[in-house]
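Right, one structure below, let's go through it.
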Amino acid sequence: MNNIYKFLAMVLCAAVVATGCVKETFPTDGATQEQVSESTTALESLVGAIAVNMAYPYSAFGSDENYGFDFGYPGMMCALDACTGDVICTAGDDAAGYDWFWYWERGTMLGPTMSICPFFWNTYFAFMKSCNDVIGLVDMNKANLSSGEKLSLGSAKAIRACFYLDMARQFEALEVTDEAAAGKYDISEVKGLTVPIIDENTSEEKARKNPRAKRDKMFEFILKDLNDAETLLDGLSVKKTIPSKAVVYGLKARAYLWLGQFDEGYKNVKTGMEAYQEAAKYARLAITESGATIMTEGEWLNPTSGFNKANNAWLWYLPQTAEGITNLVNYIAWRSSEATWGYGGKFVFEGVTNNFYNRMSESDWRRKAFVGASPAAWYKQYSSLTNLTEEQFMEKVPPYANMKFHPANGNTVSYTIGNVTDVPLMRVEEMYFIEAEAIAQYNEAEGKRLLEEFMTHRNPKYSANGVSDLIDEIIFQKRVELWGEGIVFYDFKRLNMGIQNGYTGTNVPSDSRVNVSGRAPWWNFCIPESEVNQNLALKDKNNPNPDGLIKLWK
């Protein structure tokens, strides 16, 4: 058994550049590849370790660098939300200096030569290596695969597909239409390119001459992994810390929603209206297969378990372990306004713009999760929704801060307890919004009906009558529902939405006030120079540098 754990430790020591995430020869000491592949316990431990490792701090740069955003997949979720301008520092200019996600809010220092740039790339490919190692241990075509082998292989393929789906959407360069940037931002040399594909069979030699995959080839690869995972996981009972068959359907729904914006007519990948139809189909399959129920008001606003403990609506989540936490570099330490030890509840107080808040209906109970213009008035009416005393609340919490995310068990004092939370990766509510939007793209009346049907769970007075732009309304309600969960960045990017955080009366710190018409240039992520230097096929195939193209609003 000790040999298995030695092997597990080896698997999780991933390289920090993609060219290091390649097929390797297994060591002769400790467990052999054959021994591990034949041990169901070892395989399942390897898959479980991927989930645990995804939430560990210092995934990309190490603890010596001490970057406040470097806490694995949840850290990337926070950065993605910062890109949209929906999650802001509500404590003003004096606190903005503590906001480690300022780079993505402002779109600065994200070019290929900057030290921040490798965060996403290094983190994903380190995790990708763990998936490839598991996949390489099990022969998909082996007769009579055990249930343990099916679960391990299927889960690893689904997780890998999730990673590549994320990266494909982040790194593909889409047109930037903002007048200030468009003439200085040319994607003609990289249009339709995603990221290099590195699988369990990629050699080091190939990795050093591995071009960015074209969109259709990348999605063929992603969908092949998901199809395999769907077959392998069929009929298996799966813990929610790893993907189930329902999650596979959810990932397909995300993939086809992205593909709906294109009309290239690929041979093996559906786009346009066909893709939207597939997105709606798989979103509904995810809902049905999961048996999940929509979160209630009591679950949403619960001060001890709200968005820190998985429930029946959560299809997939990351378990934050006590061994893998620090006081500051942690999801809840950022997200919770009550975590008195973290940047979030001590300085920054992540929340929403006053424009965002004012757009929410007063009859929508989700609005209670955000402090309004008057913290005193909010506390007087909703003191039962926070774990802070009146004195603590009035002393520290600024207008428009969030009260959605709470420390574990409502513990606001000890980070070793309060930071040990579950992190949502996919909720069933997202599937309802994908279904409504995808159908609205080709059947507006049915899309409207689905939106109104879902919103009865959130706002008994809701009606979409009179809405001038149904897609925009669906996305806004999705933004409210999934605020802070790292999901809606992809909607912003694919739908060419903009950022409007510079306006008279804005509560956004002055160093993050930007107005962008359409996609922001930094939504097309750059490949770090360290990778370009090692992979010869990437020379002259990087996305344009977005730094300095958008000026601050004053």
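The values are calculated or read from the model by the stated rules, or taken from the named source; none is laboratory data. Computed from a prediction, not measured in an experiment: that's the story for all the values here. As a convention, Cβ positions derive from the backbone with ideal geometry for all residues, glycine included, and neighbour counts pool all protein chains shown. To get the accessible areas, we keep the full protein, side chains included, count just its heavy atoms, and leave off ligands, DNA and RNA. Shrake-Rupley method; radii C 1.70, N 1.55, O 1.52, S 1.80 Å.
Points to keep in mind about this one:
- Karplus-based coupling profile of region 320-325, in residue order and whole Hz: 8, 8, 5, 6, x, 10, with θ = phi - 60° in 6.51 cos²θ - 1.76 cosθ + 1.60 and x standing for Gly or Pro.
- Relative to the longest principal axis of the Cα atoms of the chain, helix 118-135 runs at roughly 40 degrees.
- Flagged links, alpha-carbon separation over 30 Å, of LYS368/LYS396; LYS157/LYS368; LYS252/LYS541: LYS157/LYS368
- On Cα atoms only, tilt of 428-440 relative to the major axis of the chain in degrees: 80 degrees
- Relative to the longest principal axis of the Cα atoms of the chain, helix 444-455 runs at roughly 80 degrees.
- Euclidean distance of C-alpha centroids, region 195-238 and region 493-548, integer Å: 27 Å
- Partners for LYS309 among aspartates and glutamates (Cα-Cα distance below 18 Å; same-chain residues under 8 apart left out): GLU297, GLU299, GLU323, GLU338, ASP422, GLU429, GLU430, GLU481, GLU485
- Per-residue ³J(HN,Hα) for region 263-271, Karplus 6.51 cos²θ - 1.76 cosθ + 1.60, θ = phi - 60°, Hz, x for Gly and Pro: 9, 6, x, 5, 5, 10, 10, 6, 9
- Relative to the Cα centre, the charge distribution of region 315-459, modelled as +1 at Lys and Arg Cβ and -1 at Asp and Glu Cβ, gives a dipole magnitude of about 340 debye.
- For the chain, the share of accessible area belonging to carbon and sulfur comes to 47 percent (1.4 Å probe, ligands and nucleic acids excluded).
- Trypsin sites (Lys or Arg not before Pro) restricted to DSSP loop in region 113-172 with at most 13 other C-beta within 10 Å: LYS142
- Entries in LYS404/LYS478; LYS184/LYS551; LYS184/LYS270; LYS267/LYS448; LYS346/LYS554; LYS346/LYS404 that, when Cα-Cα distance is taken, lie over 25 Å: LYS184/LYS270; LYS267/LYS448; LYS346/LYS554
- Virtual spin-label span in nm between THR177 and ASP234, 7 Å along Cα→Cβ: 4.2 nm
- Region 324-478, relative contact order [Cα under 8 Å, separation at least 6], %: 23 percent
- Net charge, VAL516 excluded, C-beta distance under 12 Å - Lys, Arg +1, Asp, Glu -1: +2
- If only the Cβ of Lys and Arg carry +1 and only the Cβ of Asp and Glu carry -1, the dipole of the chain around its Cα centre is close to 340 debye.
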